[in-house]
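Asks: Take this structure, written in structure tokens, and hold onto it; I'll ask about it next.
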Amino acid sequence: MAAQRKRVATKASSRAAGKPNKLRAFSWKISGRGPWYTAALRWFAFLGVVGTLIGAITFFVLYQAIKIPDPNAAFKTETTKVYYSDGKHRIGSFATQDRESIPLSDMPASMQAAVIAAEDRSFYTNRGIDVKGIIRAARNNATSGEIQGGASTITQQYVKILYLNQERSYTRKVKEAILSIKIHNQLTKKEILEGYLNTIYFGNGSYGLEVAAQTYFDKPAKELDFQESALLATIINSPSFYDPYVEGAESRITPRFHYVLDGMLKSGAITADQRAEWQDKLPKVAKLRENNRYKGTKGFLLSMVKKEMLDLEFSESQIDGQGLRIITTFDYNKQKDAVAAVKAVKPAGLKQLHTALVSIQPGTGAVRALYGGPDYLKSQLNWATLGTQPGSTFKIFSVIAALENGYSLKTELNGASPVDFGNGVVIENQGDSGGRGYGKIPLLKATENSVNTAFADLVDQMDDGPGKTLDAANEAGIPTSVTDKFDRNVLSVPLGYAPVPPIDMANAYATIAASGKKADWYVIKKVTDFRKKETLHEHKKETEQSIPKDVAADTIAALQQVVRSGSGTNGRTICPTGGKTGTATAGEGPTSRVSSSWFAGITPKLATAVMYNRGKGNEELEGYMNPFFGGTYPAITFRTFMNAALDPANCGTFPPPANIKSTKGTNYKKPPPNCKGPTILNPAKTKCVLPPPPDCDPPQVLNDAKTACVDPAPVDQCPTEPGNGPCADPEEPATEEECIAAGGNWNDFLNKCSGWSGGEWKLIPLIVAGYLYRRRMEELEPILVRDRS
């Protein structure tokens with residue numbers, strides 16, 4: 001055993017002793033025989049070959065190992081744009097990054113030359129990396145003591161943006177170099193340049209050349225000139241440092257701008273004369289646009305569009321990054337009219353006061369205009385879609401229910417105030433009705449003057465009147481999720497005590513305006529994929545005759561009466577108009593307060609609801625907004641908007657009233673009037689008339705008014721014809737003296753008196769006879785002359 005261990009130890013010592021001998025022998029072979037400097041050169045050559053081999057092997061291994069990763073999702077997204085119904089005017093956009101990719105053919109040669117001059121002058125000759133640049137960057141990093149980067153090619157920048165992160169490390173630089181070579185081998189230079197210019201950040205929220213051109217010069221990229229291209233290429237290097245909108249920008253930009261122009265001159269893209277002309281003058285940039293897409297009233301529109309897109313089962317990533325084109329139902333001009341109307345009418349200085357306005361096209365459900373608040377960024381509460389007590393605007397659904405269930409606009413109702421309906425239910429007239437009692441009135445009059453007690457009586461007369469009112473609201477378009485908040489067993493349902501969103505109320509009134517055809521409201525008309533040029537969604541019109549046409553016709557007639565002579569006269573417009581006021585109250589007893597003020601109205605082409613409320617939505621309006629009735633500010637807002645939005649030459653018409661006959665209830669009969677003075681009731685007892693003239697016994701006669709017999713007036717003058725008695729003709733003066741005394745003229749030839757008072761008429765025959773005699777003599781004179789001759 002000891003001998004065996006000794007042999008093993010001897011072999012191990014022999015191997016250990018042999019290693020230095022082999023290394024020494026290998027070293028002698030490299031060094032060779034000769035002076036020391038020859039040995040040194042031989043070693044340098046050997047190490048160079050080994051280093052090259054190791055580098056090649058390392059590069060091969062890394063090239064195979066490093067795969068091209070999936071692109072950074074954010075840098076592949078494109079901006080989704082949202083348009084008004086005309087497809088031209090833009091409301092706003094949705095974007096992860098504000099980008100719109102375009103082909104290289106839409107990128108002008110000036111921009112291609114400028115970016116190459118600024119970022120990579122060897123772009124068309126290098127193979128994705130610039131070895132000189134890498135060496136220069138390595139030297140700078142070594143001397144500075146930190147990783148600084150620099151001199152990356154366009155391909156490297158594209159790789160860094162699209163596939164890597166912004167980490168500064170040698171590992172990332174190695175990956176960047178390997179991927180750059182791979183991308184260079186897989187894509188053409190044109191493809192790389194196109195991808196780079198579509199992804200690079202230009203500052204001020206602009207990703208890609210197209211958005212940058214719109215941001216800085218308010219034009220598409222294909223219209224950029226050489227100066228503008230040079231400025232954009234300058235900005236790429238450091239968007240914040242070279243931001244043209246900050247103070248002192250020109251002094252910072254100019255040196256880099258000159259550098260870009262020099263590169264463009266060197267490449268032959270511009271001439272020396274052009275370089276000299278442009279070097280001292282930066283191109284003028286457009287006014288900086290607001291980047292916050294949700295600012296102002298448009299934010300409410302965009303928020304509604306996004307919600308409906310999600311309801312249509314588009315994903316968040318599609319909406320924010322697929323480059324969709326969304327055409328909405330919002331009318332560009334009507335939307336401006338809505339905002340202007342609210343600004344013009346809303347009382348100034350009431351910061352807690354909120355206004356909503358929604359306008360819908362009857363028969364389609366298309367929302368044409370919407371005002372949900374002044375600035376979405378300050379408050380995201382969209383009062384056009386939030387529920388608020390609608391007050392008496394809800395009464396119209398009781399009208400529909402009554403007309404559908406055997407009642408008519410002539411149905412007699414109790415409009416006294418207050419009215420005790422039993423079980424502790426006491427209702428009184430308030431708000432736009434003026435609060436007074438009306439006694440017995442027909443349904444038409446109750447609607448015209450918004451009489452609370454009459455509507456409570458109406459639903460009390462109907463079998464399940466409150467429930468039928470809610471059913472009628474559903475038929476018109478109020479969702480069941482809204483009407484479920486009402487109690488189907490209380491008489492105050494038509495008074496609108498539970499919240500209803502103005503957009504649903506506008507749509508319900510649109511159903512009435514469309515002769516009972518209901519359509520769900522919507523805001524998205526069409527969605528297309530910008531890149532693929534394909535339609536992803538297009539709204540299909542779907543309507544339902546949910547309210548009978550004759551019921552709708554009589555309901556329209558009632559609404560027109562409100563505007564014609566009732567509580568809604570301030571809502572009259574340039575077109576045929578109907579509407580209903582609403583002034584809601586919240587709470588009971590000491591906590592009762594005016595919580596909202598409404599006007600909902602229709603024309604043949606538009607239905608619009610306007611709502612005013614305060615604070616959290618139901619705080620006291622009385623004493624804050626004066627006057628607070630629905631027939632005031634809301635009705636005036638409605639009129640102001642509609643007169644601007646409507647075309648008087650294309651108003652359209654409402655159907656004539658159907659005059660539905662009652663089969664239930666009692667028809668109202670107007671009480672006979674109280675006749676005063678000489679008037680009496682006519683036989684039908686419907687109006688006051690003059691009594692018939694009496695029969696007079698001679699010598700009495702009727703007076704001029706033919707109401708009484710009177711004695712005839714005494715004769716106080718003589719008749720025209722001569723007679724006897726006191727009116728007999730005076731005697732003709734027989735002498736010259738008597739003639740002169742009577743005021744006449746004595747004719748010696750005729751021996752007559754002429755012109756005396758009372759005798760002039762006697763001369764008329766003589767004068768006529770004389771005239772006729774003279775004319776006859778003139779006619780006979782030629783004959784007499786011939787005879788004499």
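Asks: Between D106 and N474, how high is the FRET efficiency from 1/(1 + (r/R0)^6) when r is the Cβ-Cβ distance and R₀ = 51 Å? Nearest 0.05. Can you show the working numbers first?
Replies: Numbers: r = 52 Å, r/R0 = 1.03.
FRET efficiency, D106 to N474: 0.45.
Asks: Whenever you get a sec, compute what percent of the accessible area on the range 296-383 sits on carbon and sulfur atoms (1.4 Å probe).
Replies: Numbers: 1760 of 3460 Å².
Answer for the range 296-383: carbon and sulfur cover 51 percent of the accessible area.
Asks: Enumerate the amide H contacts of I547 below 5 Å, restricted to partners 5 or more residues apart or on another chain; note that Pro and chain-start residues carry no placed amide H.
Replies: K518
Asks: Here is a follow-up. Enter the accessible area of S105 (Å², nearest 10), with the probe set to 1.4 Å and all protein chains included.
Replies: 100 Å²
Asks: A follow-up question, please. Can you sort F226, F241 by solvent-accessible area, 1.4 Å probe, largest first? Don't jump to the answer; show the numbers that get you there.
Replies: Details: F226 65, F241 100 Å².
The residues order as F241, F226, largest area first.
Asks: Starting from the Cα-Cα distance between E736 and Q545, subtract it from 0.36 nm times their residue separation and give me the gain in nm to one decimal.
Replies: Working: separation 191, 0.36 × 191 = 68.76 nm, distance 10.59 nm.
Stretched fully, the E736-Q545 segment lengthens by 58.2 nm.
Asks: Moving to a separate point now. Need one word for the range 323-481: rounded, prolate or oblate. Basis is the Cα gyration tensor (sqrt eigenvalues a ≥ b ≥ c); a/c below 1.5 gives rounded, then a/b vs b/c decides. Kindly include the intermediate steps, with their values, before the conclusion.
Replies: On the way: a/c = 2.56, a/b = 1.79, b/c = 1.43.
Taking the square roots of the gyration eigenvalues as a ≥ b ≥ c, the range 323-481 is prolate.
Asks: To the nearest 0.05, how large is the calculated FRET efficiency for E428 and L377 if R₀ is 30 Å and r is the Cβ-Cβ distance?
Replies: On the way: r = 44 Å, r/R0 = 1.45.
It comes to 0.10.
Asks: Lys/Arg Cβ at +1, Asp/Glu Cβ at -1, dipole of the range 500-587 taken about the Cα centre: which of T511, A553, F530 is farthest positive-ward?
Replies: The one lying farthest along the dipole's positive direction is F530.
Asks: Shifting gears a bit: If E194, E622 are ordered by their accessible area, calculated over protein heavy atoms with a 1.4 Å probe, which sequence runs from highest to lowest? Kindly include the intermediate steps, with their values, before the conclusion.
Replies: Details: E194 65, E622 100 Å².
Most to least solvent-accessible, the answer reads E622, E194.
Asks: Arrange the residues R275, R531 by how much accessible surface each exposes, largest first, with a 1.4 angstrom probe. Before the final figure, lay out the partial values.
Replies: Working: R275 30, R531 120 Å².
Of R275, R531, the descending order of accessible area is R531, R275.
Asks: Pull up all non-local amide H partners of Q389: gap of 5 or more, or a different chain, and H-to-H distance under 5 Å with H placed in the peptide plane.
Replies: Those lying under 5 Å, H to H, from Q389 are V500.
Asks: About the Cα centre of the range 436-562, how large is the charge dipole given +1 on each Lys and Arg Cβ and -1 on each Asp and Glu Cβ? Please answer in debye to the nearest 20. Let's see the in-between values first.
Replies: Working: 16 positive and 18 negative charges, 132 e Å.
It comes to approximately 640 debye.
Asks: Under unit Cβ charges (Lys, Arg +1; Asp, Glu -1), what dipole magnitude, rounded to 20 debye, does the range 201-248 have relative to its Cα centre?
Replies: On the way: 2 positive and 7 negative charges, 25 e Å.
I would put it at about 120 debye.
Asks: Measuring from a point 7 Å past the Cα of D464 along Cα-to-C-beta, which residues in the range 383-408 have an amide N at less than 11 Å?
Replies: none
Asks: What whole-number value in Å² describes the accessible area per residue of the range 203-343 for a 1.4 Å probe?
Replies: Numbers: 6650 Å² over 141 residues.
With all protein chains present, the range 203-343 gives 47 Å² per residue.
Asks: For every other residue with a beta carbon closer than 14 angstrom to the beta carbon of A344, add +1 if it is Lys or Arg and -1 if Asp or Glu, then tell me the sum.
Replies: Numbers: positive: K336, K343, K346, R639; negative: D337.
Neighbourhood net charge equals +3.
Asks: Using the Cα atoms as the points, what is the convex hull volume per residue of the range 412-530 in Å³? Could the numbers behind the result be given before it?
Replies: Details: hull volume 15.5 nm³, N = 119.
About 130 Å³ per residue, rounded to a whole number.
Asks: How much net charge surrounds E737 when only other residues with a Cβ under 15 Å from its Cβ are counted (Lys, Arg +1; Asp, Glu -1)?
Replies: Numbers: positive: K752; negative: E731, E732, E736, E738, D748.
Every neighbour counted, the sum reads -4.
Asks: While we're on this one: Within the set of other residues whose C-beta is less than 14 Å from the C-beta of T271, count the net charge using Lys and Arg as +1 and Asp and Glu as -1.
Replies: -1
Asks: Right, another one. Which residues in the range 379-421 place their backbone N less than 14 Å from a point set 7 Å from the Cα of R564 along the Cα-to-Cβ direction?
Replies: Once the point is set 7 Å along Cα→Cβ of R564, 409-410 turn out to lie under 14 Å by backbone N, inside the range 379-421.
Asks: Set Lys and Arg Cβ to +1 and Asp and Glu Cβ to -1, take the dipole of the range 453-535 about its Cα centre, and tell me which of G477, S492, W521 lies farthest positive.
Replies: W521
Asks: To the nearest 10 Å², what's K334's accessible area with a 1.4 Å probe?
Replies: Result for K334: roughly 50 Å² accessible.
Asks: So how strong a dipole does the range 295-398 carry about its Cα centre when Lys and Arg Cβ are +1 and Asp and Glu Cβ are -1, to the nearest 20 debye?
Replies: Values: 13 positive and 8 negative charges, 107 e Å.
Computed charge dipole of the range 295-398: roughly 520 debye.
Asks: Using a 1.4 Å probe, how large is the accessible area of E538, given in Å² and rounded to the nearest 10?
Replies: Looks like 110 Å² after rounding.
The values are calculated or read from the model by the stated rules, or taken from the named source; none is laboratory data. Everything quoted here is computed from the prediction, not taken from an experiment. Don't worry about glycine lacking a Cβ; one is built from the backbone with ideal geometry, like all the others, and counts go over all protein chains shown. These area figures cover heavy atoms from the full protein model, side chains too; ligands, DNA and RNA do not enter into them. Shrake-Rupley method; radii C 1.70, N 1.55, O 1.52, S 1.80 Å.
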